[in-house]
Amino acid sequence: MFRGIRFFPETPRLPFMAWRRAYLIISGILMIASLVSLVGRGLNFGIDFQGGILLEVRMPGPADLGSMRQTLGGLGFGEVSLQEFGSADTVLIRVQKQEGSEDAQQRAVSAVKEALGSAVQYRRVEFVGPQVGAELLRDALYAVAAALLAILVYIWFRFEWQFGVCGVVSLLHDVIATAGIFSVLGYEFNLTIVAAIMTIAGYSINDTVVVFDRVRENLRKYKTMAMPDLIDLSVNQTLSRTILTGTTTLFTLFSLYFLGGEVLRGFSFAMIWGIVIGTYSSVCVAVPLLLFLNVRQSTLAGENAAPATEQQQP
């Protein structure tokens, strides 16, 4: 009978909890670096949040950014930024919001088009007012906060309060680390990145719940096993599922990153980073924190579980 390919031993014996303090030190350094960058450098907000005029143009040949910057800077529309967008002949142009009504924005767009000439192909022209951008940023923060709160409530009811706290700390770790990497690298932060963060939160908590569920099952099953050993056993029992799920997801995301074009690159990068950091936090942040919150077999004492005979780890 065909049993399929086995990539890992049925139950590995990796001593994760022996390194629990090292994991938390690494995560602490990552959080501090992310927060320092977010406070000191901030995020490179896209037009979704910052407001202004955005034009994506395709030039008839490789773009001369220096000449274009000089031409558009002389139009008197304030700050104008240009960057290559995916290829040497495609340029993303940002122009700060103009004083006045929508007509003032349209005049700025018309002036830019006239200055660049008729040979340029315009792929995208967008305008977002600063008030709309501020509202989008506020709503995005509310959405992330509401999602984290809902997850906390779910984990609290699904498990015990210690599991809920550890789960939300792990999620905050993933969210801050993702925002921090965008701040450090200076990548554009827009609504698609917020969508990626929400997706990462869902993926990470799903992974964490799988491990938590096995921990609670083993708490009922092994009444006298030391907690570090019990948590090691639980993590190892779910390790193949965790690695295979993350790896297959990364295959798709790397395809999007390299082949999906510039528009999807930021989203794909956020998801790749999020899958890696989410898998790490599920195993190396959420579960070790259970030990620091003193989770024991007695935590489930309220459940009527018959004592089980102690079994040896496979």
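The values are calculated or read from the model by the stated rules, or taken from the named source; none is laboratory data. Everything quoted here is computed from the prediction, not taken from an experiment. Note that each Cβ is placed from the backbone with ideal geometry, even for glycine, and that neighbours are counted across all protein chains shown.
Some values worked out for this structure:
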| quantity | calculated |
| --- | --- |
| Among the candidates Glu160, Glu188, Glu126, residue that is of a type in the set (Asp, Glu), in contact (Cβ under 8 Å) with a residue 40 or more places away in the chain and in contact with a Leu (Cβ under 7 Å, 6 or more places away or on another chain) | Glu126 |
| Qualifying residue in the stretch 166-187 (condition: farther than 14 Å from Val287 by Cβ and outside any helix (DSSP H, G or I)) | yes |
| Residue match in the stretch 154-167 (condition: of a type in the set (D, E, K, R) and more than 30 Å from Gly260 (Cβ to Cβ)) | yes |
| Candidates Ser27, Ser67 - the one that is within 15 Å of Ala177 (Cβ to Cβ) and in a helix (DSSP H, G or I) | Ser27 |
| Boolean, Val91 is surrounded by fewer than 15 Cβ atoms within 10 Å (Cβ to Cβ), modelled with pLDDT of 85 or more and out of contact with any Ser or Thr (no Cβ under 7 Å at 6 or more places or on another chain) | no |
| Residues that are surrounded by 12 or more Cβ atoms within 10 Å (Cβ to Cβ), under 30 Å from Leu289 (Cα atoms) and free of Cβ contacts under 8 Å to residues at least 12 places away in the same chain, drawn from the stretch 33-75 | Val36 |
| Leading residue by the ranking (nearest to Gly46 (Cα to Cα)) among those in the stretch 90-107 that are in contact with a strand residue (DSSP E or B) (Cβ under 6 Å, 6 or more places away or on another chain) and without any contact (Cβ under 8 Å) to a residue 60 or more places away in the chain | Arg94 |
| Count of residues meeting criterion [crowded, with 22+ Cβ neighbours inside 10 Å and of a type in the set (Ser, Thr, Tyr)] in the stretch 190-237 | 3 |
